[in-house]
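Have a look at the structure below before the remarks.
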Amino acid sequence: MKIYIDGKYYGREDARISVFDHGFLYGDGVFEGIRVYNGRVFRLSEHIERLYGSAKAVLLEPPLGKAELEEAVAETVRLNGTVNGYIRLVVTRGKGLLGIDPSSCAKASVIIIVDDLRLYPDKYYRDGIEIVTASTRRISSDSLDPRIKSLNYLNNIMAKLEAKAAGCLEAVMLNSDGFVAECTADNIFIVKDGVLMTPAPYCGALDGITMRTVVGEAVKNGIRTLETTLTRYDLYTADEAFMTGTGAEVAPVVKIDGRVVGDGAPGAVTGRLMRLFKEAVASYEG
Ligand code: PXG
């Protein structure tokens, strides 16, 4: 395994960053999770754009330009001989003094890890997933905009712990107004009366690249889509529900807080979108 750190490659055991890196000390940094399918990096330019957006919002200057960063990712994938896998692209604030002031950090660091990804076992894609609502609310946009994909995931981890405690794989998080935001590492969708719905950007979710891909496929295929505000009532009374994410892809949800969604099996629109997503990935040219 070859791991990129600031222009050099290291083996798994030798790939290290400083304990004085503010990414480690304070979660001060941004990242992307990206997939490689059939030797192609899926939607790389969208991920790079989002990374730069996250970095800009926290006044972090990546040490490489967008094109250089794309090339570094592509080169790391090539060197690892990866045909299908997962890329973790991280930009940290870099080494500095103790104390949160980022101005002591002279230069941001770039780390690129290419590895395998564990998806949910196949049976969950066949039978669907049960989720719960977390009592942990998604951090509000006026504190830390959820569109910033930052290295500090404690908000999401707190909700994930609640999911695990409830015996579930995932939890849905509400925003501070009580509207549905997203799951801990996935966006959420419902289908009601044939309309595909997902929380609007102002509801406080990451602007997911898988979510955008699924909405694009739905529009192309004549499925009505709506970005709106959703409550738990909407989830409970939906005909279908599913989650989307780089790791999960399109994952059906069949039970929410003990309420059976639809007839308790992955729905027809969900199944169609799972197939359309697979096709979009298979035919992706880059
Ligand atoms: N919301 C949150 C909070 C996320 O972290 C998504 C939605 C889905 O976005 P994309 O662009 O992936 O469709 C994410 C994505 C990991 C991991 O290692 C996390 C994500 C993606 C890949 C891997 O836990 N989060």
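The values are calculated or read from the model by the stated rules, or taken from the named source; none is laboratory data. If you're wondering where the values come from, they're calculated on a predicted model, not measured in any experiment. Every residue, glycine as well, gets a Cβ built from its backbone with ideal geometry; the counts of neighbours run over all protein chains shown. With ligands, DNA and RNA removed, areas are computed over all heavy atoms of the protein, side chains included. Shrake-Rupley method; radii C 1.70, N 1.55, O 1.52, S 1.80 Å.
Ordered from largest to smallest accessible area (heavy atoms of protein chains, 1.4 Å probe), the residues Lys160, Lys123 come out as Lys123, Lys160. If you take the Cα centroid of region 141-193 and the Cα centroid of region 36-66, the two points sit 22 Å apart. At q = 0.11, 0.19 Å⁻¹, what log₁₀ I(q)/I(0) does a Debye calculation on the Cα points of region 3-115 give, no solvent, two decimals? The Cα Debye sum returns log10 ratios of -0.34, -0.96.
Only lysine pairs 8 or more places apart or on separate chains count here, and in the chain those with Cα atoms under 20 Å apart total 20.
Restricting the GluC sites (Glu not before Pro) of region 1-67 to loop positions (DSSP other than H, G, I, E, B) with no more than 14 neighbouring Cβ atoms within 10 Å leaves Glu13.
Remark: relative contact order (region 122-283) = 24 percent; criterion is Cα-Cα distance under 8 angstrom and separation of 6 or more residues.
Computed per residue of the chain from DSSP H runs no shorter than four, each worth -39500 (n - 2.57), the mean residue ellipticity at 222 nm is -9000 deg cm²/dmol.
Among the trypsin sites (Lys or Arg not before Pro) in region 219-256, those located in a DSSP loop and surrounded by at most 15 other Cβ atoms within 10 Å of their own Cβ are Arg224. For region 65-195, relative contact order (Cα pairs under 8 Å, six or more residues apart, normalised by length) works out to 17 percent.
Across q = 0.07, 0.08, 0.13, 0.14 Å⁻¹, the chain modelled as identical point scatterers on its alpha-carbon atoms has Debye log10 I(q)/I(0) values of -0.26, -0.35, -0.91, -1.05, in the order of the q list.
Mean separation of Cα pairs under 8 Å and 6 or more residues apart, divided by the residue count, gives the chain a relative contact order of 18 percent.
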